[in-house]
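The values are calculated or read from the model by the stated rules, or taken from the named source; none is laboratory data. Keep in mind the model is a prediction, meaning the values are calculated, not measured. A quick note on method: Cβ atoms are made from the backbone with ideal geometry, for glycine too, and the neighbour counts reach across all protein chains shown. Accessible surface areas use protein heavy atoms only, side chains included; no ligands, DNA or RNA. Shrake-Rupley method; radii C 1.70, N 1.55, O 1.52, S 1.80 Å.
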Amino acid sequence: MKNKIPNGNEVIQLFEQFSPKSYALEGDKIGLQIGKLNKPIQHVMITLDVVEEVIDEAIEKKVDLLIAHHPPIFRPLKKLTTDTTYGRMIEKCIKHDIAVYVAHTNLDVALGGVNDLLADALQLHNTEVLIPTYEDKLKKLVVYVPVTHEEQVRKAIGDAGAGHLGNYSHCTFKTIGNGSFLPEEGALPFIGKLGEIEVVEEARIETVIPASIEKKVIQAMLKAHPYEEVAYDIYSLEQQGTQLGLGRIGYLEDELTLKEFAEHVKNSLKVDRVRMVGNEGDIIKKVAVLGGDGNKYIQQAKFKGADVYVTGDLYFHVAHDALMLGLNVIDPGHHVEKVMIDGVVQKLSKMCNEKKLAVNVVGSSIDTNPFQFV
């Protein structure tokens, strides 16, 4: 069977399982910014920035959908004229039917998103969130299923993401009892006869689910369950769910001096230069990293015990503040967020393949860093 050509809404729904809009900070400019999604999508390109050279590349590669990290429309437009570079760029998108979708702070926050990719590139371990911004609240799912189909349902909900506790998956609890029902006129019972009370040995399966995947788990459960009408309950829980947020903080495998760590950052993030604040002989073990502009979070990096804070766009006066706090800082630039290109290509390609969607996902090869060192 040939793979299906999806429309743009299907591709974005898949992408948002990984980086949902609900993760974004309030007021962030995310989502569809140019074009339409209600069309067939065969070619998707991932980019850090949307500039005219990237659009020209997308045209050459016959791209239908461009997924970007930085919004091309960030400030309100007062006018849009096509004799400017900016206007010409948008004109090209419209003429060539290229939709532009933005995942900004939601992709920063997402597990496996920008900040996890940066932490991985720096080879940090035992990482945790630096700035919590979102909690994926926990719920409990209880479903009643005939014992003959217990394993089938248990596997389906586990495969959909239910029952994850730490490093364990498919965690459930069951009790056995008797369920009873009377099929009335119009029913198509899997077990029993119309007009007769039926008593069935059933398992009560309990498991924990993050609120963000509740619909996905319920759909998997209903598909695997043999009954026409499924009896299940959803309870809200008081326990803290998974905390998500901006930045990551973790540990190097081996201690380095600040100067050695600066070289490590250059090599790991593939940049020619970094700016360094602090004493080059200081010992670095615990590292905080936050992609993009992280000026406002130096206090949190210090509070969390970081020996060094890796972030971009460091302001002059914030550098002085960091010195007074005793916090070392390495600024490799904003553009190191380019790690999201390969990361998203791999993630979205895998998701499309699993869903048997005929979509080719590629990364932009255009260097959009506006800075040069002389």
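Just to be sure, is residue 204 part of a strand (DSSP E or B) and either closer than 20 Å to residue 159 by Cα or not charged (D, E, K, R) (or both)? The answer is yes for residue 204. A Cβ distance below 7 Å, combined with a sequence gap of six or more or placement on separate chains, defines the contacts here; from segment 106-135, residues that are under 12 Å from residue 290 (Cα atoms) and small (Gly, Ala, Ser) reach residues that are open to solvent by less than 20 Å² (accessible area, probe 1.4 Å) and in a loop (DSSP other than H, G, I, E, B) in the pairs 113/19. The residue that is least open to solvent (accessible area, probe 1.4 Å), among those in segment 169-226 that are closer than 17 Å to residue 145 by Cα and of a type in the set (Lys, Arg), is 204. Looking across segment 327-374, the residues that are open to solvent by less than 60 Å² (accessible area, probe 1.4 Å) and among the small types (Gly, Ala, Ser) come down to 333, 343, 349, 358, 363, 364. Take the residues in segment 235-269 that are without any contact (Cβ under 8 Å) to a residue 40 or more places away in the chain and not in a strand (DSSP E or B), then tell me which one is most open to solvent (accessible area, probe 1.4 Å). Per the criteria, the residue is 238.
For segment 297-349, enumerate the residues that are under 15 Å from residue 115 (Cβ atoms) and of a type in the set (Lys, Arg). 304, 338, 347, listed by residue number. Taking residues in segment 285-307 that are closer than 18 Å to residue 265 by Cβ, and partners anywhere that are open to solvent by less than 10 Å² (accessible area, probe 1.4 Å) and basic (Lys, Arg), the pairs with Cβ atoms closer than 8 Å and at least 6 places apart or on different chains are 288/248; 289/248; 290/248.
Each residue in segment 67-104 was checked for being part of a loop (DSSP other than H, G, I, E, B) and either open to solvent by less than 50 Å² (accessible area, probe 1.4 Å) or touching a Lys or Arg at 6+ places or on another chain (Cβ under 6 Å) (or both), and 10 of them qualify. Does residue 301 fit the bill of being crowded, with 23+ Cβ neighbours inside 10 Å and either under 19 Å from the mean Cα position of the chain (by Cα) or at pLDDT 95 or above (or both)? It is true that residue 301 is crowded, with 23+ Cβ neighbours inside 10 Å and either under 19 Å from the mean Cα position of the chain (by Cα) or at pLDDT 95 or above (or both).
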